[in-house]
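The values are calculated or read from the model by the stated rules, or taken from the named source; none is laboratory data. Predicted model, so just to flag it, every value in this text is computed and none were measured. No Cβ is skipped: glycine too gets one built from the backbone with ideal geometry, and neighbour counts run over all protein chains shown. Heavy atoms of the whole protein, side chains included, go into the accessibility calculation; ligands, DNA and RNA do not. Shrake-Rupley method; radii C 1.70, N 1.55, O 1.52, S 1.80 Å.
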Amino acid sequence: MTDCLFCKIIEGKLPSDRVYEDDQVVVFKDIHPKAPVHLLVVPRVHFASLNELVPAHDGLMTHMLRLLPVLARKQGLETGFRTVINTGPGGGQEVPHLHIHLLGGGARLPGF
Ligand code: 5GP
Ligand code: ZN
(Lines give C-alpha, C1' and ligand atoms only; values in the text may rest on other atoms or scores of the structure.)
(Ligands and ions follow the chains in the order given, each with its own letter.)
Protein backbone atom coordinates (compact mmCIF):
# COMPACT_ATOMS: atom_id res chain seq x y z
CA MET A 1 0.00 0.00 0.00
CA THR A 2 1.81 3.11 -1.22
CA ASP A 3 -0.28 5.63 0.72
CA CYS A 4 -0.40 3.73 4.02
CA LEU A 5 1.47 5.37 6.90
CA PHE A 6 2.43 2.11 8.61
CA CYS A 7 3.49 0.47 5.32
CA LYS A 8 5.82 3.44 4.79
CA ILE A 9 7.23 3.03 8.30
CA ILE A 10 7.71 -0.72 7.73
CA GLU A 11 9.49 -0.05 4.43
CA GLY A 12 11.75 2.49 6.16
CA LYS A 13 10.44 5.38 4.04
CA LEU A 14 9.32 7.14 7.23
CA PRO A 15 11.26 7.11 10.51
CA SER A 16 10.17 5.26 13.64
CA ASP A 17 11.67 4.16 16.94
CA ARG A 18 11.82 0.40 16.34
CA VAL A 19 12.20 -1.93 19.29
CA TYR A 20 11.75 -5.28 17.52
CA GLU A 21 11.30 -6.78 14.07
CA ASP A 22 11.18 -10.18 12.43
CA ASP A 23 9.97 -11.64 9.15
CA GLN A 24 6.30 -11.12 10.07
CA VAL A 25 6.06 -7.98 12.23
CA VAL A 26 7.64 -4.63 13.04
CA VAL A 27 7.25 -3.13 16.52
CA PHE A 28 7.84 0.57 17.16
CA LYS A 29 7.02 3.19 19.78
CA ASP A 30 3.76 5.12 19.42
CA ILE A 31 4.50 8.75 18.52
CA HIS A 32 1.90 9.95 21.06
CA PRO A 33 2.34 7.53 23.98
CA LYS A 34 -0.64 7.07 26.29
CA ALA A 35 1.42 5.23 28.91
CA PRO A 36 5.14 5.10 29.84
CA VAL A 37 5.43 2.11 27.51
CA HIS A 38 3.28 2.32 24.37
CA LEU A 39 4.30 0.08 21.48
CA LEU A 40 2.57 -0.70 18.20
CA VAL A 41 2.85 -4.29 16.95
CA VAL A 42 2.35 -4.07 13.18
CA PRO A 43 2.27 -6.92 10.66
CA ARG A 44 4.43 -6.46 7.56
CA VAL A 45 1.49 -7.54 5.40
CA HIS A 46 -1.10 -4.81 4.85
CA PHE A 47 -4.70 -5.36 5.83
CA ALA A 48 -6.89 -2.67 7.29
CA SER A 49 -8.38 -4.14 10.45
CA LEU A 50 -9.92 -7.15 12.16
CA ASN A 51 -12.78 -6.74 9.67
CA GLU A 52 -10.41 -7.95 6.92
CA LEU A 53 -9.06 -10.92 8.89
CA VAL A 54 -9.08 -14.23 6.91
CA PRO A 55 -7.83 -17.74 7.77
CA ALA A 56 -4.54 -17.01 5.97
CA HIS A 57 -3.76 -14.60 8.83
CA ASP A 58 -4.16 -17.24 11.57
CA GLY A 59 -0.43 -17.94 11.94
CA LEU A 60 0.41 -14.24 11.93
CA MET A 61 -2.19 -13.40 14.57
CA THR A 62 -0.97 -16.19 16.85
CA HIS A 63 2.60 -15.01 16.32
CA MET A 64 1.64 -11.46 17.37
CA LEU A 65 -0.26 -12.65 20.45
CA ARG A 66 2.65 -14.84 21.58
CA LEU A 67 5.06 -11.95 21.01
CA LEU A 68 3.17 -9.59 23.35
CA PRO A 69 4.33 -11.02 26.71
CA VAL A 70 7.89 -11.32 25.37
CA LEU A 71 7.89 -7.63 24.39
CA ALA A 72 6.26 -6.67 27.70
CA ARG A 73 8.97 -8.47 29.69
CA LYS A 74 11.70 -6.81 27.59
CA GLN A 75 10.12 -3.42 28.39
CA GLY A 76 10.17 -4.20 32.12
CA LEU A 77 6.41 -4.56 32.47
CA GLU A 78 6.66 -7.07 35.32
CA THR A 79 3.14 -6.59 36.73
CA GLY A 80 1.23 -6.80 33.48
CA PHE A 81 0.26 -4.90 30.39
CA ARG A 82 -2.72 -3.79 28.31
CA THR A 83 -3.43 -4.60 24.68
CA VAL A 84 -5.85 -2.66 22.47
CA ILE A 85 -6.99 -3.25 18.89
CA ASN A 86 -9.15 -0.46 17.48
CA THR A 87 -11.31 -1.47 14.53
CA GLY A 88 -12.80 1.03 12.08
CA PRO A 89 -13.92 4.61 12.68
CA GLY A 90 -16.51 3.46 15.22
CA GLY A 91 -13.72 1.77 17.18
CA GLY A 92 -11.50 4.85 17.11
CA GLN A 93 -9.04 3.45 14.55
CA GLU A 94 -6.95 6.24 13.00
CA VAL A 95 -4.48 4.24 10.92
CA PRO A 96 -6.15 1.63 8.68
CA HIS A 97 -3.34 -0.96 8.87
CA LEU A 98 -4.05 -3.55 11.56
CA HIS A 99 -1.97 -3.11 14.71
CA ILE A 100 -1.97 -4.09 18.36
CA HIS A 101 -1.29 -1.42 20.98
CA LEU A 102 0.85 -2.67 23.91
CA LEU A 103 0.64 -0.36 26.91
CA GLY A 104 1.91 -0.36 30.47
CA GLY A 105 4.20 1.04 33.11
CA GLY A 106 3.86 3.75 35.69
CA ALA A 107 0.59 4.02 37.56
CA ARG A 108 -1.88 1.17 37.51
CA LEU A 109 -4.06 1.49 34.42
CA PRO A 110 -7.77 1.83 35.18
CA GLY A 111 -9.96 -1.09 34.20
CA PHE A 112 -13.07 -0.74 32.09
P1 5GP B 1 -5.27 3.64 16.06
O2 5GP B 1 -6.08 4.81 16.54
O3 5GP B 1 -5.32 3.52 14.57
O4 5GP B 1 -5.60 2.36 16.78
O5 5GP B 1 -3.79 3.93 16.50
C6 5GP B 1 -2.89 4.63 15.69
C7 5GP B 1 -1.74 5.02 16.57
O8 5GP B 1 -0.66 5.39 15.73
C9 5GP B 1 -2.02 6.22 17.49
O10 5GP B 1 -1.84 5.84 18.85
C11 5GP B 1 -1.01 7.28 17.03
O12 5GP B 1 -0.46 8.01 18.11
C13 5GP B 1 0.03 6.45 16.32
N14 5GP B 1 0.69 7.14 15.24
C15 5GP B 1 0.11 7.93 14.28
N16 5GP B 1 1.03 8.38 13.42
C17 5GP B 1 2.23 7.86 13.82
C18 5GP B 1 3.55 7.97 13.30
O19 5GP B 1 3.83 8.61 12.29
N20 5GP B 1 4.53 7.30 13.99
C21 5GP B 1 4.25 6.55 15.09
N22 5GP B 1 5.29 5.94 15.70
N23 5GP B 1 3.01 6.42 15.60
C24 5GP B 1 2.00 7.07 14.97
ZN1 ZN C 1 -0.29 -0.59 5.37
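Can you give me the distance in nm between label points at HIS63 and ALA107, each placed 7 Å from the Cα along the Cα-to-Cβ direction?
With each label placed 7 Å out from Cα toward Cβ, I get 3.8 nm.
Helix 58-74 versus the longest principal axis of the chain: what is the Cα-based angle in degrees, 0 to 90, to the nearest 10?
30
Once you treat every alpha carbon in region 10-73 as an equal point and sum by Debye, what is log10 I(q)/I(0) at q = 0.23, 0.27, 0.28 Å⁻¹?
Results for region 10-73 at q = 0.23, 0.27, 0.28 Å⁻¹ read -1.11, -1.32, -1.35.
At most 11 other Cβ atoms within 10 Å and a DSSP loop assignment: could you name the GluC sites (Glu not before Pro) in region 1-95 that fit?
Details: sites: GLU11, GLU21, GLU52, GLU78, GLU94; in loops: GLU11, GLU78, GLU94.
When the GluC sites (Glu not before Pro) of region 1-95 are filtered for loop state and at most 11 Cβ neighbours within 10 Å, GLU78, GLU94 remain.
In cubic angstrom, how much convex hull volume per residue do the alpha carbon atoms of region 39-87 span? Intermediate values should be presented prior to the final figure.
Values: hull volume 3.9 nm³, N = 49.
Considering the Cα atoms of region 39-87, their hull volume per residue is 81 Å³.
Summing Lys, Arg as +1 and Asp, Glu as -1, what charge do residues with Cβ under 13 Å from the Cβ of LEU5 carry, LEU5 excluded? Walk me through the numbers before you get to the answer.
Values: positive: LYS8, LYS13; negative: ASP3, GLU11, ASP30, GLU94.
Within the 13 Å Cβ shell, the charges total -2.
Could you list the square roots of 5 times each eigenvalue of the Cα gyration tensor of the chain, that is, the equivalent ellipsoid semi-axes, sorted largest first and rounded to whole Å? Let's see the in-between values first.
Working: eigenvalues 94, 49, 44 Å².
Equivalent ellipsoid semi-axes, largest first: 22, 16, 15 Å.
As an exercise, use a Förster radius of 22 Å and the Cβ-Cβ distance of VAL70 and THR2 to find the FRET efficiency, rounded to the nearest 0.05.
Efficiency, from the Cβ-Cβ distance: 0.10.
In the chain, carbon and sulfur make up what percent of the accessible area (probe 1.4 Å)?
On the way: 3800 of 6790 Å².
In the chain, the share of accessible area belonging to carbon and sulfur is 56 percent.
To the nearest 500 deg cm²/dmol, what mean residue ellipticity at 222 nm is calculated for the chain from DSSP H runs of n ≥ 4 alone, each contributing -39,500 (n - 2.57), summed and divided by the residues?
Values: 2 runs with 23 residues, N = 112.
Computed mean residue ellipticity for the chain: -6500 deg cm²/dmol.
So, for the chain, what is the accessible surface per residue at a probe of 1.4 Å, expressed in square angstrom? Kindly include the intermediate steps, with their values, before the conclusion.
Values: 6790 Å² over 112 residues.
So the chain comes to 61 Å² accessible per residue, rounded to a whole number.
Contact order normalised by length for the chain, with contacts defined as Cα pairs under 8 Å and 6 or more residues apart; what percent is it? Write down the numbers at each step before the final one.
Values: 148 pairs, mean separation 33.7, N = 112.
Once normalised by length, the contact order is 30 percent.
Once each part is reduced to its C-alpha centroid, what is the distance from region 78-112 to region 1-60 in angstrom?
So the two Cα centres are separated by 14 Å.
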